[in-house]
Amino acid sequence: EVRLLESGGGSVQAGGSLRLACSVSGNTYNSYCLGWFRVQGSVKRREAVAVIDTDNSKTYADSVKARFTISQNNDGNALYLEMDSLRPEDTGTYYCAADPGAPFCHVEAWTPSHLIVWGQGTQVTVFS
């Protein structure tokens, strides 16, 4: 079983930065698509914002390109999302996710499989 736990959320002024972290524990010897999603306002659907594939290829939502960076530590037990030049429209609850069954590991094509594992979420608030 893979377990995920987010940290690093908070409140920041527009233009500032935050780094989210996701600890990854449990069964780590399977191949997983890893990524960050967010839920904003009353929208229920989790929006993929940054994804890293098993070959370390990375994709980003258009709204965060050039501002957000997804990465893993060398041991593979932590996932990060560096968020720079934050905007009020980035406000939301951010979730890390691991999916061993994702047919495509890209922001634009990742439909979560029934095997996906989610973190508990961390709140990000950007104020102007």
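Selection over the stretch 113-124 of residues that are more than 11 Å from F37 (Cα to Cα) and surrounded by 15 or more Cβ atoms within 10 Å (Cβ to Cβ) gives a count of 3. Among the residues of the stretch 71-86, those identified as over 16 Å from G26 (Cβ atoms) and either of a type in the set (A, V, I, L, M, F, W, C) or touching a residue at least 24 places away in the same chain (Cβ under 8 Å) (or both) are Y80, L81, E82, M83, D84, S85, L86.
Applying the condition of being of a type outside the set (A, V, I, L, M) and assigned to a loop (DSSP other than H, G, I, E, B) to the stretch 6-16 and asking which residue is surrounded by the fewest Cβ atoms within 10 Å (Cβ to Cβ) yields G15.
Looking across the stretch 92-108, the residues that are over 16 Å from Y60 (Cα atoms) and either open to solvent by 40 Å² or more (accessible area, probe 1.4 Å) or of a type in the set (K, R) (or both) come down to P100, P103. When the stretch 21-66 is filtered for residues that are aromatic (F, W, Y) and open to solvent by less than 50 Å² (accessible area, probe 1.4 Å), the ones remaining, listed by number, are Y32, W36, F37, Y60. The selection criterion, being open to solvent by 60 Å² or more (accessible area, probe 1.4 Å) and over 30 Å from S128 (Cβ atoms), does not hold for N73.
The values are calculated or read from the model by the stated rules, or taken from the named source; none is laboratory data. Bear in mind that the values here come from a model prediction, so they are computed numbers and not experimental data. Neighbour counts are summed over all protein chains in view; Cβ atoms, including those assigned to glycine, are modelled from backbone coordinates with ideal geometry. Note: accessible area is taken over every heavy atom of the protein model, side chains too, but ligands, DNA and RNA are not part of it. Shrake-Rupley method; radii C 1.70, N 1.55, O 1.52, S 1.80 Å.
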